[in-house]
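To start, the structure under review is shown below, and the notes come after it.
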Amino acid sequence: MKYFSLIAFLLVCSVNANAALNLYPFDDEVKKERFANLIDELRCTVCQNQTIGASNAPLAKDLRDRVYRMIQEGRSDEQIKNFLVERFTDFVLYKPPVKSSTYLLWLGPSALFFIAIIFLLINIRKRSVTESDEIDPEQHKRVQELLKEQQKDNNHA
């Protein structure tokens, strides 16, 4: 059932992306391909987890329209991305550039992973360090006495 849901979700997303492509007429395949690539590389800032090609949000449609117009005007992919980054920051890009303002985004998951590993190792070490196996002399003496009593009882029986 879980796999069916995933397949259905992916199918809906691909249908949405293809539907978006079919709504925009292009005079050549290169522009159509650029448009398809761009709408799959740009994040819907409303949905945050979908591309503007897969999202049904009004903002995503506006962004698709804007990208279409800029492609028709002859702007490059970089110019289009820069235009959107100016308005929505690097968050609009699914693959933002590595720079000082995005270090946390790029390094955060790795840092969290290493912190989790360190925490796990510390906990494992704490659990493995138990009380010493040695007993103090009084306990040793008491155990010896109990063993002698046990032997006496066994010999008398």
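Read-outs: derived from the displayed coordinates by stated rules, not from any lab. Remember, it's a predicted structure, so these values are computed and weren't measured experimentally. For neighbour counting, all protein chains shown are included, and Cβ atoms are generated from backbone atoms with ideal geometry for every residue, glycine included.
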| Pairwise label distance in nanometres, Ile124 with Leu104, each label 7 Å out on the Cα-Cβ vector | 3.1 nm
| task | Kindly rank 103-116, 74-87 from highest to lowest mean number of other beta carbons found within 10 Å of each residue. | result | 74-87, 103-116
| message | Can you order the peptides 62-70, 92-100 by their average number of other Cβ atoms within 10 Å per residue, highest first? | response | 62-70, 92-100
| field | the range 106-156: C-alpha gyration tensor shape, a/c 1.5 cut-off, then a/b vs b/c | value | prolate
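Could you work out how much longer the chain between Asp65 and Asp90 gets when fully extended? Use 0.36 nm per residue separation minus the Cα distance between them, nm to one decimal.
Details: separation 25, 0.36 × 25 = 9.00 nm, distance 1.98 nm.
Result for the pair: 7.0 nm of gain on full extension.
Starting with the highest mean, order 144-150, 54-60 by the number of other Cβ atoms within 10 Å, averaged over the residues of each peptide. Walk me through the numbers before you get to the answer.
On the way: 144-150: 10.0, 54-60: 17.6.
So the peptides 144-150, 54-60, ranked by packing, come out 54-60, 144-150.
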